[in-house]
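Data first, discussion second: the structure below is written as structure tokens.
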């Protein structure tokens, strides 16, 4: 009888230790990540499991640190998705993940955020969030300004046209119109900005310096026989001598790519908004 009772006590003890801790809380955050930088999230406890919404969100632990999670986008402009992280103390952390071209902050310590008693939404840096809101508001305002440029290029019946340039503090707002004169919708892959040499010298390669946008409009497709306005914010600059500033529009899974060159005289006509 004593042996039976002892066996029961041992089994009960083993069962208690083998059970997972109960879920204590569901902590929700919003987070923006990009393709060209790895975002690090430091959790207060060891990570037990990770569940991601889509395969375009890449996750991984850091070797030697069981409470650190790496995040990166597998491709640009992936749709809004979610991520759940389960920690050893029973907490469930849920994240609303969205894409941004150039994250201003790539390291987040949840221990510090929770200890400071910050609200859930504060995981997005306040400066970054306010900047994006400002650019979004100004871009809508720029779309209602009468065009004061008409520089354009057409390729395969798709036209990229520069309409406006505005200046705000340390950034330019470029206003473009994209017209699709075909029966096939034009899906935007990305818009590229770079400064390159005007001419290629003998036995030398053309030098290019890419400029990363601070803000890009959310319009991703131009329907058949339609026109859309797009505003993009990039850091303030001027064009050196013997250099050209080029804007390239790329079609997703297609070949209707087009480009225009913008000169210093255009930049110098930038207006306040």
Practice item. Confirm whether residue 21 is closer than 22 Å to residue 108 by Cα and modelled with pLDDT under 90. Key: no
Review point. What strands (runs of 3 or more DSSP E), lying completely within segment 82-186, carry at least 3 residues that are at pLDDT 90 or above and more than 21 Å from residue 215 (Cα to Cα)?
Key: 151-155
Practice item. For residue 262, indicate whether it is within 23 Å of residue 135 (Cβ to Cβ), over 22 Å from the mean Cα position of the chain (by Cα), modelled with pLDDT of 90 or more and buried (at least 18 other Cβ atoms within 10 Å of the Cβ). Key: yes
Point to revise | Count - residues of segment 46-58 that are crowded, with 17+ Cβ neighbours inside 10 Å and over 18 Å from residue 101 (Cα atoms) | key: 2
Point to revise | The lone exception for residue 30 - which of (1) surrounded by 12 or more Cβ atoms within 10 Å (Cβ to Cβ); (2) modelled with pLDDT of 75 or more; (3) over 25 Å from residue 136 (Cα atoms) it fails | key: (3)
Review point. Picking from 209, 247, which residue would you name as being assigned to a strand (DSSP E or B) and surrounded by 14 or more Cβ atoms within 10 Å (Cβ to Cβ)?
Key: 247
Check your understanding: Counting only residues that are surrounded by 15 or more Cβ atoms within 10 Å (Cβ to Cβ) and assigned to a strand (DSSP E or B), how many does segment 216-243 have?
Key -> 10
Point to revise | Members of segment 168-179 found to be in contact (Cβ under 8 Å) with a residue 60 or more places away in the chain and either surrounded by 16 or more Cβ atoms within 10 Å (Cβ to Cβ) or touching a helix residue (DSSP H, G or I) at 6+ places or on another chain (Cβ under 8 Å) (or both), listed by number | key: 168, 171, 172, 173, 174, 176, 178
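The values are calculated or read from the model by the stated rules, or taken from the named source; none is laboratory data. Quantities reported herein were computed from a predicted structural model and do not represent experimental measurements. Using ideal geometry, Cβ is built from the backbone for each residue, glycine included, and neighbour counts are taken over all protein chains shown.
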